[in-house]
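*Asks:* Sending over a structure as structure tokens; questions will come in a sec.
The values are calculated or read from the model by the stated rules, or taken from the named source; none is laboratory data. Just so it is clear, the model here is predicted, and its values are computed rather than measured. No Cβ is skipped: glycine too gets one built from the backbone with ideal geometry, and neighbour counts run over all protein chains shown.
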């Protein structure tokens, strides 16, 4: 694909690949800008219902405008393959960064607040992401977190692929209601953000297993190990927030992202409780050099 042109997008390099498609860095030859182009395999949108849903949700996502959400520029098709064109962000995903080192506590707070702010904006428009994970959160060189892949409909085929284990990373972030095929709403995104926070703090998943069914069982039946027993220096208030996010019953979780943001900003990193004067600011977090 490198060097080829899809409509008016010239493919420059491959950025990544997953169960929901291949992402390329591309040159928009009409508007003369660099974009990220995600090409979805045709078999993921096999029915007209899937395609209609994809178009509907991508259009809704394209209407989102928020500094912590990667902007969707266009949805289209090329040789029966749907694709979505997004803002290109020079940075690294959280899972890439976690391969190198653990995040500082203050940076975990900053990233978590920013992701929650993005979710708050999406949820206010009744848009649920349904696939929040470290691989779908990118951090720019300036420390700005952005959520990727809003607008990629979770079709029947993609759900089946996930359960078959083709996207193992996604399985570990699934909420209990996703595991049992129940109704999914904005509280599923908050659960998945809880998994992301746990992973940023510890470098591991709270619900792990060697195969999918073991992970599913743990998600439904087990409690995560206390954060304070895994990493020293984690305030009890932070552990309380994560435990609330990971409540099995959606009614016992945070009911909206705004309440989560308030509590995250109030975590006292020097103590065990909350400090209502706490503030979180965007600042350079990672040196990519």
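*Asks:* So residue 95 ticks every box in (1) at pLDDT 85 or above; (2) touching a helix residue (DSSP H, G or I) at 6+ places or on another chain (Cβ under 9 Å); (3) within 15 Å of residue 150 (Cα to Cα) but one. Which box is left unticked?
*Replies:* If we test residue 95 against (1) at pLDDT 85 or above; (2) touching a helix residue (DSSP H, G or I) at 6+ places or on another chain (Cβ under 9 Å); (3) within 15 Å of residue 150 (Cα to Cα), just (3) comes out false.
*Asks:* Has segment 219-230 got any residue that is over 21 Å from residue 134 (Cβ atoms), touching a residue at least 24 places away in the same chain (Cβ under 8 Å) and not in a helix (DSSP H, G or I)?
*Replies:* no
*Asks:* For segment 62-107, which residues satisfy the criterion of being without any contact (Cβ under 8 Å) to a residue 40 or more places away in the chain, over 21 Å from residue 170 (Cβ atoms) and either within 15 Å of the chain's Cα centre (by Cα) or surrounded by 21 or more Cβ atoms within 10 Å (Cβ to Cβ) (or both)?
*Replies:* Once the filter is applied, which keeps residues that are without any contact (Cβ under 8 Å) to a residue 40 or more places away in the chain, over 21 Å from residue 170 (Cβ atoms) and either within 15 Å of the chain's Cα centre (by Cα) or surrounded by 21 or more Cβ atoms within 10 Å (Cβ to Cβ) (or both), segment 62-107 yields only 71.
*Asks:* Another question, then. Output the residue which, of all residues in segment 37-48 that are closer than 18 Å to residue 131 by Cβ and in contact (Cβ under 8 Å) with a residue 60 or more places away in the chain, is surrounded by the fewest Cβ atoms within 10 Å (Cβ to Cβ).
*Replies:* Top of the filtered list is 40.
*Asks:* How many residues, within segment 17-31, are within 17 Å of the chain's Cα centre (by Cα) and surrounded by 15 or more Cβ atoms within 10 Å (Cβ to Cβ)?
*Replies:* Looking only at that region, the number is 6.
*Asks:* Tell me, please, whether a residue that is on the phi > 0 side of the Ramachandran plot and either in a loop (DSSP other than H, G, I, E, B) or surrounded by fewer than 21 Cβ atoms within 10 Å (Cβ to Cβ) (or both) can be found in segment 108-120.
*Replies:* No, the conditions are met nowhere in segment 108-120.
*Asks:* I'd like to check something: does segment 22-29 contain any residue that is free of Cβ contacts under 8 Å to residues at least 24 places away in the same chain, assigned by TED's automatic domain parsing to the domain that holds residue 186 and either more than 30 Å from residue 231 (Cα to Cα) or not in a helix (DSSP H, G or I) (or both)?
*Replies:* Looking for residues that are free of Cβ contacts under 8 Å to residues at least 24 places away in the same chain, assigned by TED's automatic domain parsing to the domain that holds residue 186 and either more than 30 Å from residue 231 (Cα to Cα) or not in a helix (DSSP H, G or I) (or both), one finds none in segment 22-29, hence no.
*Asks:* I'd like to check something: does segment 135-143 contain any residue that is surrounded by fewer than 18 Cβ atoms within 10 Å (Cβ to Cβ), at positive phi, modelled with pLDDT of 90 or more and over 12 Å from the mean Cα position of the chain (by Cα)?
*Replies:* Yes: segment 135-143 contains one or more residues that are surrounded by fewer than 18 Cβ atoms within 10 Å (Cβ to Cβ), at positive phi, modelled with pLDDT of 90 or more and over 12 Å from the mean Cα position of the chain (by Cα).
*Asks:* Let me ask something else about it. Do we find a residue being more than 30 Å from residue 234 (Cα to Cα) and out of contact with any strand residue (DSSP E or B) (no Cβ under 6 Å at 6 or more places or on another chain) anywhere in segment 92-106?
*Replies:* No.
*Asks:* Right, another one. Please determine whether any residue of segment 182-194 is in the same structural domain as residue 120 (by TED's automatic domain parsing), loosely packed, with under 14 Cβ neighbours inside 10 Å and modelled with pLDDT under 95.
*Replies:* yes
*Asks:* Name the residues in segment 197-216 that are without any contact (Cβ under 8 Å) to a residue 40 or more places away in the chain and either surrounded by 21 or more Cβ atoms within 10 Å (Cβ to Cβ) or outside the structural domain of residue 228 (by TED's automatic domain parsing) (or both), would you?
*Replies:* Correct list: 207 only.
*Asks:* Follow-up question, since we're still on this one. For residue 34, all conditions in the list (1) modelled with pLDDT under 90; (2) more than 24 Å from residue 202 (Cα to Cα) hold save one; what is the number of the exception?
*Replies:* All conditions pass for residue 34, except number (1).
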